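What follows is a single structure, written as structure tokens, with notes after it.
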Amino acid sequence: MAEAGDFELFGAPAAKEHDEKSDEQFREEMKRAQQAMQQLQKEEGKARAHDDRLAHIIVQFLSQQGGGGTDLFLLISRCVAQDIPSELIIAVLSLVDRTASEEIQTIIKEAGKTALALPEYKDVHALNPAQKMAIDKWIGNITVAAAHKPHRTLDSVLIKSVTKNTNELIKEISPPFVQLSAFIMRNFLTMQETHIDVSKLRDFMENVYFKMLTDLEEMMQGQRKLENRKKA
């Protein structure tokens, strides 16, 4: 279950939010979330069998969460609504879900080796060596999934805006995607009887994703330069 205040960060309702919102508002939020998941099934159903399998894994994962999965359901729905690739969502889930882990290994075999450098640990000091190894592997899986569909990953996960007064470019990582990753990491560590405040995990994952997406942008720029040289 989400910790108190987790969803206040970007407005997603937690399961106990009936105290703060009316039943009608809560039902409307759930309706939008259900529509997003229906859209996932519809869009993935039109794609090849591989994408069908990805959609099935996500839906199966959510069905196994029971009443305690409301927070994950809403976060995944919002990630889907933002057009974040299913491969990337499954890579995040792979830390705590065996089926997702098996599927991401198939994607890794198809993609070859990880093309992006893994970030160093700075803020998460409480992890033991085995936990660090598991998290390293998990982040590696996410970077492979990100590189699998680089354009779509950057367009959906990296949110860019320009300030009105100074025309300064502002970059932000998708809040639902960061929060989903932090919750999954928290759930994994809880099963290991390790407890770290979700805000620290969220900050950690945000740093991970900024590094990952910066490397992904640089990789794509390098590929474009190489292609231009070949055409010249």
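Among E102, E87, E120, which is under 22 Å from T214 (Cα atoms) and at pLDDT 70 or above?
The conditions single out E87.
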Could you count how many residues in region 178-203 are in a helix (DSSP H, G or I), touching a helix residue (DSSP H, G or I) at 6+ places or on another chain (Cβ under 8 Å) and not small (G, A, S)? 12
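Identify the residue in region 162-177 that is charged (D, E, K, R) and assigned to a loop (DSSP other than H, G, I, E, B) and, among all such residues, is modelled with the lowest pLDDT.
Just the residues of region 162-177 that are charged (D, E, K, R), to begin with: 164, 168, 171-172.
Then drop every residue that is not assigned to a loop (DSSP other than H, G, I, E, B), which leaves 164, 168.
Values: K164: 80, E168: 84.
Among those that are charged (D, E, K, R) and assigned to a loop (DSSP other than H, G, I, E, B), it is K164.
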Which members of region 30-80 meet the condition of being crowded, with 18+ Cβ neighbours inside 10 Å, among the acidic types (D, E) and modelled with pLDDT under 80? E44
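Residue check: is L226 more than 15 Å from L95 (Cβ to Cβ) and among the aliphatic types (A, V, I, L, M)?
On the way: more than 15 Å from L95 (Cβ to Cβ): yes; among the aliphatic types (A, V, I, L, M): yes.
Taking the combined requirement at face value, the residue satisfies it.
The values are calculated or read from the model by the stated rules, or taken from the named source; none is laboratory data. Just so it is clear, the structure is predicted and the values come from calculations on it, not from any experiment. Please note: Cβ atoms are built from the backbone with ideal geometry, for glycine as well, and neighbour counts cover all protein chains shown.
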